[in-house]
Amino acid sequence: MKVTEIKPLNVAIDGMKSVRLFLAGSIEMGKAIEWQKEIVSYLKRAKFKNKKINEIIVCNPRRDNWDSSWKQEAKNPEFSKQVEWELENIEDSDIVAFFLQPGTSSPISLLELGIVARDCFRMVNRVVVLCPDGFHRKGNVDITAMMYDMNIAKNMKDFKLKIKSCIEDYNPKKTTKLK
């Protein structure tokens, strides 16, 4: 299966047999591990049985040319483009995977979790959450994930397997996206 990774501000066109995965979660430069690379690498090696899809489009919001000096305000065009890219790709995604790393605050990831929870009834079994012990809002995340029937992973290995399972179970004809 073909795995195409896109990062801000790139665009990918969904094919008739593609599934779009958004990697939401801890990024905090200098604090968070680059877990997104691990997921993309895993997906490229994985064997999939689902013949209804032939491509996974992975939306990775970790921007290679991020400049931490950018003012985080709507009137800053670079910052605004980043946020718009993230929101548009979350809404266009078929599966959303959240990793909330202990030692990070990840306020944007928590905001995104709320956005996805809002429409989770349309995404049943297509949201995966890994929130290990030590994340400062683990209780809130766990309760939200349980209340909205999200897939809760126990560790990184389980996280990868649950993402793979969502891809395996994905049916492009029966899917309703967030929009």
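Some observations on this one:
- For the stretch 83-96, Karplus couplings with θ = phi - 60° (6.51, -1.76, 1.60), whole Hz, Gly/Pro x: 5, 4, 4, 4, 5, 5, 6, 4, 5, 8, 7, 8, 9, 10
- For the set 47/71; 52/160; 31/154; 81/160; 7/154; 2/154, the pairs lying more than 31 angstrom apart at their alpha carbons are 47/71.
- Residue 137 accessible area, 1.4 Å probe, all protein chains in place, Å² to nearest 10: 120
- Interchain or long-range residues, amide H under 5 Å from residue 3's placed H: 56
- Among the trypsin sites (Lys or Arg not before Pro) within the stretch 1-45, those in coil by DSSP and having at most 12 neighbouring Cβ atoms inside 10 Å are 31.
- Per-residue SASA entry for residue 147, accessible area with 1.4 Å probe, Å² rounded to 10: 140
- Seen from every direction in turn and averaged, the convex hull around the alpha carbons of the stretch 12-123 projects onto 8.3 nm².
- Between residue 138 and residue 168, the contour length at 0.36 nm per residue exceeds the alpha carbon distance by 8.0 nm.
- Carbon + sulfur, % of accessible area of the stretch 60-179 - ligands and nucleic acids excluded, 1.4 Å: 52
- Solvent-accessible surface of the stretch 1-104, averaged per residue with a 1.4 angstrom probe and all protein chains in place: 52 square angstrom.
- Available extension along the chain between residue 157 and residue 117 is 12.0 nm, counting 0.36 nm per residue and deducting the alpha carbon span.
The values are calculated or read from the model by the stated rules, or taken from the named source; none is laboratory data. Computed from a prediction, not measured in an experiment: that's the story for all the values here. Cβ coordinates were reconstructed from backbone atoms using ideal geometry, including for glycine residues, and neighbour counts include every protein chain displayed. Heavy atoms of the whole protein, side chains included, go into the accessibility calculation; ligands, DNA and RNA do not. Shrake-Rupley method; radii C 1.70, N 1.55, O 1.52, S 1.80 Å.
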